[in-house]
Amino acid sequence: MANEQLQEAVNALKNTKVRMTPQRHAILEYLYETMNHPTADDIYKALENKFPNMSVATVYNNLRVFKNVGIVKELTYGDSSSRFDCVTTDHYHVICSDCGKMVDFHYPGLDEVETLAEHVTGFQVHDHRMEIYGVCEDCKNISH
């Protein structure tokens, strides 16, 4: 599945005339293999041994390209670093309040919330997000 999605992302880049460099491919591959909503620094640290000449700026620049093409979403949470998600379909996140681990959560019934919000407030809604906070299995096991 990850290979299929990775290939679709590569094709999307080719269709927009974005040149596929080894670094670009490695960043994409990391996003699709880990699926852990990494920060740019996480990606840099994971790939720095393979690409010693690659800078954090290179990672950020590539993530910006991916975002502009629509193959990643940037998730911003207050003051902390942005995280990057290669699942661009509508979904939600469950976030561990101890370690920060983020897991995708799909619940189609919540799609109606935008329509309801428009009806109740008169706003023209263009997007929404929901975050659920708790303690993940790993952290729960550590604390007991």
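Residues in the stretch 57-84 that are more than 25 Å from residue 17 (Cβ to Cβ) and open to solvent by 40 Å² or more (accessible area, probe 1.4 Å): 76, 78, 79, 80, 81, 83. Of the residues contained in the stretch 4-17, none is found to be surrounded by 12 or more Cβ atoms within 10 Å (Cβ to Cβ), in contact with a strand residue (DSSP E or B) (Cβ under 9 Å, 6 or more places away or on another chain) and assigned to a helix (DSSP H, G or I). Take the residues in the stretch 27-56 that are of a type in the set (A, V, I, L, M, F, W, C) and surrounded by fewer than 18 Cβ atoms within 10 Å (Cβ to Cβ), then tell me which one is farthest from the chain's Cα centre (by Cα). Residue satisfying both the conditions and the ranking: 51.
The values are calculated or read from the model by the stated rules, or taken from the named source; none is laboratory data. Quick caveat, the model's predicted, so the values are computed rather than measured. Backbone-built Cβ (ideal geometry, glycine too); neighbour counts: all protein chains shown. Just the protein is used for accessible areas: all its heavy atoms, side chains included, with ligands, DNA and RNA removed. Shrake-Rupley method; radii C 1.70, N 1.55, O 1.52, S 1.80 Å.
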